[in-house]
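Each reported figure results from applying straightforward, stated rules to the coordinates on display, with no laboratory input. Owing to the predicted nature of the structure, the values given are computational and were not obtained by experimental measurement. For neighbour counting, all protein chains shown are included, and Cβ atoms are generated from backbone atoms with ideal geometry for every residue, glycine included.
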Amino acid sequence: MSYRCVATSIGGFVQQLAVCYMRHGYWFYVTGTIPSQKDPSNIDQKLIQKYGIDLSKYTRSRKKRSGQASIQYLRYERFFLLMATHGHHRFFEDEGKNFRDARRYPIHFKGYSIGWRAGHPRVSIERSTYKDLKAYFLELATHRKADRLADELRALPFEPYAPVRSQLLCILRAVNRARKKAGFKAVPSSCLRFKRHIYRPFEPYPVEERH
């Protein structure tokens, strides 16, 4: 099987989904989790064959021009996504009411929310995760030294897409308001990472950074 679909990192999965697929109109999706007793590679092969996913870019273009939808498959560990563009395809018949539109219902994955807004993919920290993080850091705001808080903020695992950066800055500002009120030293914004890694999604490591 030549089709590459197994992301080797959370960051690579999110990047492939948002930057490569969703940006190109793969908005309709279903999610699934492969049971522990099943071999993920067998499930990969079964779904790729079932939906005819392993196509060249030229074949995809031809099918698109004839009104057929394109399908992509992406997996991290045992969590997987099937994604489709507009058009005709058995995917829509088989999945029935199970598929969703990412423009209305963002995909939740490992604390991220990946959706579509104002003509662009939007990657943010999922709402409940964000609320938990904010509550956690506000609880520690006046009970930890600035450098320890900075270390914890720096260690957060979220790639700093623009909405993520805004959320982390909101947390930092809330922490520093509490610290200022208590007469404590502020936590510097330099503890936050503003460049995200660029991944080779199907390789085990990030290869560079960008703004």
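A few remarks follow.
- Counted residue by residue at 0.36 nm each, then reduced by the alpha carbon distance between them, the extension gain from His120 to Leu140 reaches 3.7 nm.
- Efficiency of FRET from Cβ geometry, Tyr205 and Asp94, R₀ 41 Å, rounded to 0.05: 0.70
- Charged-residue dipole, Cβ positions (Lys, Arg, Asp, Glu), the stretch 90-198 about Cα centre, Debye nearest 20: 600 debye
- Read-out mean projected area of the Cα convex hull in nm², derived from the coordinates shown; its label in (1) 13.7; (2) 12.0; (3) 13.0: (1)
- Near the amide H of Ile198, within less than 5 Å, lie the amide hydrogens of Val207, Glu208, Glu209, Arg210, all on another chain or at least 5 residues away, with H placed in the peptide plane.
- 3J(HN,Hα) along the stretch 125-131, derived from phi through the Karplus expression 6.51 cos²θ - 1.76 cosθ + 1.60 where θ = phi - 60°, amounts to 7, 4, 3, 5, 5, 4, 4 Hz, with x in place of Gly and Pro.
- Lys64/Arg154 FRET efficiency (R0 35 Å; Cβ-Cβ; nearest 0.05): 0.20
- Residue separation of Lys131 and Tyr105 scaled by 0.36 nm, minus their Cα-Cα distance, works out to 7.4 nm of gained length.
- HN-Hα J in Hz across the stretch 47-60 - Karplus 6.51, -1.76, 1.60, θ = phi - 60°, x for Gly and Pro: 6, 5, 6, 4, 9, x, 7, 7, 10, 6, 5, 6, 5, 4
- Inter-label distance, nm, simple model (7 Å from Cα along the C-beta direction), Lys46/Ala178: 4.8 nm
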